[in-house]
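Bear in mind that the values in this text are calculations on the coordinates, not laboratory data. Not measured: the values here are computed from a predicted model.
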Amino acid sequence: MRACVCVCVCACVCVCVVPLPLFSQVAALQRQVFDFLGYQWAPILANFLHIVAIILGMFGTVQFRSRYLIFYAVWLVMWVGWNSFIICFYLEVGHLSQDRDFLMTFNTSLHRSWWMEHGPGCLVTPVVDSHIAPDDHHVITVSGCLLDYQYIEVLSSALQVLLALFGFVYACYVSKVFQDDEDSFDFIGGFDSYGYQPPQKSSHLQLQPLYT
């Protein structure tokens, strides 16, 4: 029984653990870099927490700690909610507005997404002698973009949601396997959980004479 569980866990580690968390880690680091370039402080903080959660999830898998995987699964639920909010924000769902709400920068600056000026095919033209620009800012016009920055941010968040859904299923399954393994084998008592009893000496031994 324990051999079957070990084979199942090893197969899960090889197939799911290595590609999925590593790909999630790379996607989170890539997003963190572009958020740093765009001075998006709220996503930077969220990305940092997500990277820490991924590391804890990988540690819990390697060390057979189901509690770390449960924490990772709970965080992924919040991560899906955060990325869903980002999608709604850039699509301006409801009363959200990018021109009025600067939630991504904690209302500390007027910076937008880095992709606004560096998107594929975008042509940036500075507006000279503009009186509407505050201090330390400049007014620009962006044209010719093959894909607007809003949709790039939406696609990035949608990818994070997809990875989080796969990661949630993986974390729940592996933690369940670890918990079943802990219940079926007592690591402290050894074979006590299997009801192993050493051979007992019989009190009704018959002595037979030995003839040569």
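If you split all Cα-Cα distances of segment 71-111 into 5 Å bins from zero, what percentages do you get per bin, shortest first?
Histogram of Cα-Cα distances, whole percents per bin: 6, 22, 22, 19, 15, 10, 5, 0.
Pop out the ³J(HN,Hα) list for segment 149-155 in order, Karplus 6.51 cos²θ - 1.76 cosθ + 1.60 with θ = phi - 60°, rounded to Hz; leave Gly and Pro as x.
Per residue, the Karplus-derived 3J(HN,Hα) values read 4, 4, 6, 5, 5, 5, 5 Hz.
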